[in-house]
Every structure is written in structure tokens, then in C-alpha cells.
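Since every read-out is calculated from the coordinates, none of them should be taken as a lab result. In this text, all values refer to a predicted model and were calculated from it rather than measured experimentally. In this analysis, Cβ positions are derived from the backbone assuming ideal geometry, glycine residues included, and neighbour counts consider all displayed protein chains.
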Amino acid sequence: MTSASLDPTGSRLAREIFGHLPDGAPVEKVTLRGAGGFEVAIITFGAAVQALYVPDREGRCADIVLGHDELAPYVVYRRFFGAIIGRYANRIAGGRFELDGRPIELPRNDGPNTLHGGPDGFDRKLWRVRALNDGPTPSVTLCHASPDWEGGFPGALNACVTYALTGDRAFSITFEAVTDHPTIVNLTHHGFFNLAGVESGRDVLDHRLTIEAETFLPTDAAAIPSGGPEPVAGTPFDFARPRLIGERIRDAHQQIRLRRGYDHNFCLRGGRVAAPRAVARVEHQSSGRVMTLMTDQPGLQFYSGNFLDGSVAGKGGRLYRQSDAFCLEPQIWPDAPNRPDFASARLNPHESYRHVSVFQFSSA
């Protein structure tokens, strides 16, 4: 699979119909083109990254994100491939929290908990294109107007995400939201990455990962934080220096056993900061592709694709199986609405939620 060639007109942005929802509503695809074949394709269903073409050290491009070639599987199967997650990324224990003394009950879709906004989160919404920029730094802004009590969350929330190329081989995602009543907000991008290329037939256990974190959050069997941060030192969660994802993924560590691998929040150095800083780096030796993630968020959920089970066929008809991809999801810590000791996810009227993450690619 190779990326599309640059438009003969010199345009760095393309807009087309990707498919139609069961009710006939069109789903669009917007492609942002960089240099050397680098490009990002975003669909309006779930505001998801549908494809991401990145050159290897020889300049050969491959699509490095899991997903589908057509719209139908995105609609039928909920796997979060490349989607924007909201209103609350990760889990809320028991599907409930209190806001100003008022109990809020949410639909539960992950055992006893609410996961990724519940059964009908932002990844299931048709976002609208608000703005396009076909210039030296092409971008697209997508928005979703979430009504009061959508998914059980209080407040009418207007959310927008802007995808922009910030270099020849880099793109940023800027998340913004405002509300008319107090609520909670925690948005993230749920990309499933494989730097070898999704059609390579290789898993990600040979990818070398670094995470700028000295602590992580252990969880209970339902993936809810069971206490406060604990040191990564001396555990399979120590990625403070580069380690292969697969180096200790089969260790008989209780936390590895509970989640069948990695599915944990890493507490990033410095917590929430004013401007994105580098928090993770992933290297794939065979292809030479390197991904550096920058974010202003306090947490990073690292997921090693533990529950990909071969039940869904993806691009090129390939079945996605365990460890076929990794996810790095910048966000506020899980279950923060029930944990006053965690960074707050509260958003008040006349305030603005803002989160910026940057994905930079290079060759080694």
C-alpha cells in the first residue's frame, strides 16, 4: 500500500466522500499532504485518522495505523481505530461521579464502568467540517455539538479538533471545548500504531519505547486505578530508558496479568503543562521509522493491543490480532472525577478546554 501522489495542482489538501451512514448522511475524508509522501487522512465519522503514510529510512511510504479501507466496518464494529474519544477518555468507575454534590449516573459499557464516553461516545458521532486550510501548513477543523446530557454528561458542549501538518513529517491535534454548564471533559486521540506498516504482517513487540514517567497507576481487575501512583523502577513498566515493548510483556507481574499486557496510565513528568513537551519516543529498527509524541497533558495511556483478537478484518483484509499495534493516548488520569487527588477534569462555563498533542516522525 503506497500513499497518493501530490495533486498535480500542488494542493496539499484533498476532500472527498468516504462513504454514507445507514441514514444516508455522507462521511467525508480530508487528506493533508506533507513532503516525501507523508500524509494524514481524516474521516468525519469519529473525527478519526483513517490512514497515516510515513516514509522509512529508504523513503518508502507505508500506512502505519490500524483501521479500515471502507466506512462500513467503522460503523458496525466499535474498535476506536484512530478516533477522537470523549466526553471522557478512559474509565469512570461504576459509571458515576458527583458534580457540585449532585450524583451523575452514566451508561455503563465496560463491565461496571463507563469507558470512552459510554456506548455512544464521540467516536460514534458524525463531526462536521468547520474549516479547511490548503496552505503551507494544511489543516482541517472538525466540530461536534454535544447536547446537554448526551451520554449522561451535563452541559451542552461544543467540541472541536484541528488536525494540522506542523512539519514535513509531523502533525498536531488541537482539542478545544466550551460548555454552558459545569461538566467534565477529557478528550484524546486513539491511534493504533505499527511503525512496520499495517500490512507488514509484523507485530509491535520489537518496537523500542521510551516514556518520560517515573510512576504509573496500578489498576484493579476492572482497569480502575486501585490507589495512587507507584514507581516504575524495577518493574515491567520502566520505560524511562528505551526498552522493547515485548521485553517484559510476558512477565508474571500482577498488573501485566490483569490486563494481558500493558493498558495503564503513565504519570508524566511535570503533570499538566502550558505547552507540549516530548513525553514518548518509539523506534522501529527494521524500517528506521521513529515517532516522537509531544503533549501538554498529565497522563499517557499506553496500550499494547492486548484485546485485538482476530475477530475484525482491517485494511487489505488482514485480521488484527494481539500486539498488532500500540496506542499512546495523552489524557487526564482515568477516573479523575472520583479522585480529588488527581488532576481535575472539570470544565466551567466561560472557561475553555484545550489540549494539544504533536506526533513527529523521523528516520534512524
So what does the Cα-only Debye profile of the range 295-364 read at q = 0.15, 0.16, 0.21, 0.27 Å⁻¹, as log10 I(q)/I(0), no solvent term? -0.76, -0.81, -0.99, -1.17
Positive-pole candidate from PRO242, HIS264, PRO182, dipole of the range 176-279, charges at beta carbon: PRO242
What the Cα atoms of the range 1-143 span along the principal axes, largest first and in whole Å, is 58, 33, 31
Provide the per-residue ³J(HN,Hα) series for the range 323-338, in order, calculated from phi with Karplus coefficients 6.51, -1.76, 1.60 and θ = phi - 60°, each as a whole number of Hz, with x at glycine and proline positions. 6, 6, 7, 10, 10, 10, 10, x, 5, 6, 4, x, 6, 4, x, 9
Given the Cα-Cα distance of GLU98 and ALA274 and 0.36 nm per residue of separation, how much length would full extension add, in nm? 60.6 nm
Taking the mean number of other Cβ atoms within 10 Å as a proxy for protection, how do you rank 247-256, 201-210 from highest to lowest? 201-210, 247-256
Roughly how large, in nm² to one decimal, is the mean projection of the convex hull of the alpha-carbon atoms in the range 9-79? 5.4
Given Cα pairs under 8 Å that are at least 6 residues apart, what percent is the relative contact order of the range 65-204? 26
Could you work out how far apart the two model spin labels at ALA222 and ASN133 are, taking each label as a point 7 Å from the Cα in the direction of the beta carbon, and quote it in nm? 4.3
Just to confirm my numbers, what's the Cα centroid distance between the range 44-64 and the range 187-266 in Å? 23
Share (percent) of C-alpha pair distances in the range 154-220 greater than 20 Å works out to 61
Please work out the Kirkwood hydrodynamic radius for the range 233-300, using every pair of different C-alpha atoms, and report it in angstroms with one decimal place. 13.6
To one decimal place, what Kirkwood hydrodynamic radius in Å is obtained for the range 148-288 from all pairs of distinct Cα atoms? 17.9
Most to least packed among 98-104, 215-221, 341-347, 261-267 [average Cβ atoms within 10 Å]: 261-267, 215-221, 341-347, 98-104
Give the span of the chain's Cα atoms along each principal axis, as three whole-Å numbers ordered largest to smallest. 59, 46, 40
Electrostatic dipole magnitude of the chain [Cβ: Lys, Arg +1; Asp, Glu -1; Cα centre; debye, to 20]: 420
Evaluated over the range 79-134, the Cα radius of gyration and Dmax, each in Å: 14.1, 47
Computed [θ] at 222 nm, deg cm²/dmol, the chain (DSSP H ≥ 4; -39,500 (n - 2.57); rounded to nearest 500): -500 deg cm²/dmol
Measure of compaction for the range 318-357 (Cα Rg per 2.2 N^0.38 Å): 1.76
So which cysteines in the chain don't have a second cysteine's C-beta under 4.7 Å from them? CYS61, CYS267, CYS327
Considering only the other residues whose Cβ falls under 14 Å of the Cβ of ASN133, what net charge follows from Lys and Arg at +1 and Asp and Glu at -1? +3
Please state, rounded to one decimal and in Å, the Kirkwood hydrodynamic radius that the range 228-364 gives when every pair of distinct Cα atoms enters the mean of 1/r. 16.9
Difference of contour (0.36 nm per residue) and Cα-Cα distance, ASN348 to HIS253: 30.1 nm
